[in-house]
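Down below is the structure, laid out as structure tokens.
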Amino acid sequence: NSGVVCLLRPLLLDVVPSIRQTTALALGRLADYDVEMAEAVVKAGILPQLICSLPEENRYYKKAAAFVLRAIAKHSPQLAQAVVQSGALEMLVICLEDFDPGVKEGASWGLGYIARHNPELSQAVVDAGAVPLLVLCIQEPEIALKRIAASTLSDISKHSPELAQTVVDAGAIAHLAQMIPNPDAKLKRQVLSALSQIAKHSVDLAELVVEAEIFPVVLTCLKDSDEYVKKNGATLIREIAKHTPELSQLIVNSGGVAAVIDCIGSCRGTVRLPGIMTLGYVAAHSENLSMAVIVSKGIPPLCLCLVEEHEDHIKAAAAWALGQIGRHTTEHARHVAVANALPTLLDIFVDPRSSEDLKTKTKKALKSILQKCTYLPALEPLLHEAPPSIMKHIIGQFSKVLPHDNKARRLFVTTGGLKKVQEIKAEPGSLLQEYINTINNCYPEEIVR
């Protein structure tokens, strides 16, 4: 408000180097504070002056200038665009070749903040020639530089298959994969994130990541003490599993499913989410892969998530995964039913506090499991609680099994199931009514009465 920004501007061209540095630092801190400040710095025409003499400046000034650019670019795509239009990208790329690691780090950070907003800005960073230099930066000895360069490669890769491909073409995958065992947790987070952002786009890119021999070493990350390393490790496995049955099979063969299940069991909250999704993706591909999840004891931890978690989106993911496991055959559905998942799913579906998305996902899961489930002891308790939309699927299963199974018919009477069926009000001519008639036809009339 006191007009300080305009007073600082001429000081950027001061004769004394330390004044130029301190000025840049002051502007960076102002711009970093909030969007309005950053806009004020841009409006004052600071950017062209800041970078006009950058290549001739010393490393302290370069670091401060990179900080200003990053502080402005981080707030919004519009401000990042203003930084690009001022010609800053060329200067930041020149700084990536500086001999001082701190200057490289500052430049890398600035480029990451520009690239993360959208594909166009990310493409601008690529076009300026930053990617090969960033790949060189991840090979430098300084941990801080490695971290930030990996993070920037992740920000560039995330938007589109084409952008991820440019990162791959620069040879990034092999160097990133080598750093998975690194003891530094923050570096591991960024490396796993970058590999995930590459693998997520297409089968080809996922296969390239797998070919860098990330299995089984990536599984150790699921046991890491750092929550984010766990989460990013599970996310990487998820992004590979989702593409094809072959890639999922590779994860199963390397012991990945068992490791993901342990990981879900050992943590809470959003850290669980990518692991839950991984099990769903693996199980979705085929009967055999779904059975691999069952054999590795994947169902109980998913059921636990339904009970323990408070966030609806995590419950929804667990419900979806259970649906993917149980939807293949009667055998698959029976495993899910025996784990007592159905009553839990039903409770969530009828709970008024559940969000719409959660209700949709639990209903879909219930439906796909019930349509395959012939294990009557698990279906019986549901008869007394299920709303009409679910009831028709339950009655449908009874109408399939009872005509062919003597013992089940007797049990159905003694447990009060048949009595419950008589209480159901069905529309004449509806599917539900047909199912009820089929069940009633299994019994002598006096029993039905």
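The values are calculated or read from the model by the stated rules, or taken from the named source; none is laboratory data. Keep in mind the model is a prediction, meaning the values are calculated, not measured. Heads up, the Cβs are rebuilt from the backbone with ideal geometry, glycines too, and the neighbour counts pull from every protein chain shown. SASA here: full protein model, heavy atoms, side chains in, ligands and nucleic acids out. Shrake-Rupley method; radii C 1.70, N 1.55, O 1.52, S 1.80 Å.
Key figures
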| item | result |
| --- | --- |
| Carbon + sulfur, % of accessible area of region 383-449 - ligands and nucleic acids excluded, 1.4 Å | 52 percent |
| Rounded tilt (10° steps) of 185-199 against the dominant C-alpha axis of the chain | 70 degrees |
| Label-point separation in nm, GLU120 to LYS425, each point 7 Å along Cα→Cβ | 5.9 nm |
| Region 286-384, relative contact order in percent, only Cα pairs under 8 angstrom and at least six apart counted | 31 percent |
| Helix axis angle, 341-350 relative to the chain longest principal axis, alpha carbon, degrees | 80 degrees |
| Charge dipole magnitude, Cβ of K and R +1, D and E -1 - the chain, Cα centre, debye nearest 20 | 1400 debye |
| Solvent-accessible area per residue, Å², over region 78-151 with all protein chains present [probe radius 1.4 Å] | 37 Å² |
| When each of LYS63/LYS231; LYS230/LYS297; LYS104/LYS223; LYS223/LYS363; LYS158/LYS364 is checked by Cα-Cα distance, pairs over 27 Å | LYS63/LYS231; LYS104/LYS223; LYS223/LYS363; LYS158/LYS364 |
| Residue with peak Gaussian network fluctuation, the chain [Cα springs, cutoff 10 Å], from GLY280, GLY233, GLY87 | GLY87 |
| Hits among aspartates and glutamates - C-alpha to C-alpha of LYS400 under 12 Å, sequence gap 8 or more where chains match | GLU434 |
| Region 161-188 and region 239-272: distance between their alpha carbon centers, rounded to Å | 20 Å |
| Length added when fully stretched, LEU136-LYS364, from 0.36 nm per residue minus Cα-Cα | 77.3 nm |
| GNM result for the chain, Cα springs below 10 Å: residue of ALA185, ALA128, ALA321 fluctuating most strongly | ALA128 |
| Of all accessible heavy-atom area on region 202-291, the percent that carbon and sulfur account for (1.4 Å) | 51 percent |
| Model label zone, GLU311; criterion: amide N under 16 Å from point 7 Å along Cα-to-beta-carbon; scope region 251-266 | 264-266 |
| Net charge, GLY265 excluded, C-beta distance under 11 Å - Lys, Arg +1, Asp, Glu -1 | +1 |
| Solvent-accessible ranking of SER196, SER18, largest area first, probe 1.4 Å | SER18, SER196 |
| ARG9 accessible area, assembled protein chains, probe 1.4 Å, Å² | 90 Å² |
| For VAL282, net neighbour charge (Lys/Arg +1, Asp/Glu -1) across residues whose Cβ lies under 11 Å away | +2 |
| Cα principal axis extents for region 30-167, largest first, Å | 37, 33, 23 |
| Extension gain, GLN371 back to GLU246 (0.36 nm per residue minus Cα-Cα distance, nm) | 42.3 nm |
| Rounded accessible area of HIS201 (nearest 10 Å², 1.4 Å probe) | 50 Å² |
| Length-normalised contact order for the chain - Cα pairs under 8 Å, 6+ apart - percent | 7 percent |
| Sequence of PHE99, PHE349 when ordered by accessible area, the most exposed leading, probe 1.4 angstrom | PHE99, PHE349 |
| Solvent-accessible area of LEU250 with every protein chain in place, 1.4 Å probe, in Å² to the nearest 10 | 70 Å² |
| Residue-normalised accessible area of region 308-379, given per residue in Å² at a 1.4 Å probe | 44 Å² |
| Under 16 Å from LYS361, Cα to Cα: lysines that are on another chain or at least 8 residues apart | LYS315 |
| Principal axis dimensions, the chain - Cα atoms, whole angstrom, descending | 107, 49, 33 |
| Among LEU69, LEU273, LEU13, residue whose mean-square fluctuation peaks in a GNM of the chain (springs only between Cα atoms under 10 Å) | LEU13 |
| Between 0 and 90°, nearest 10: helix 356-370 axis offset from the chain longest Cα axis | 40 degrees |
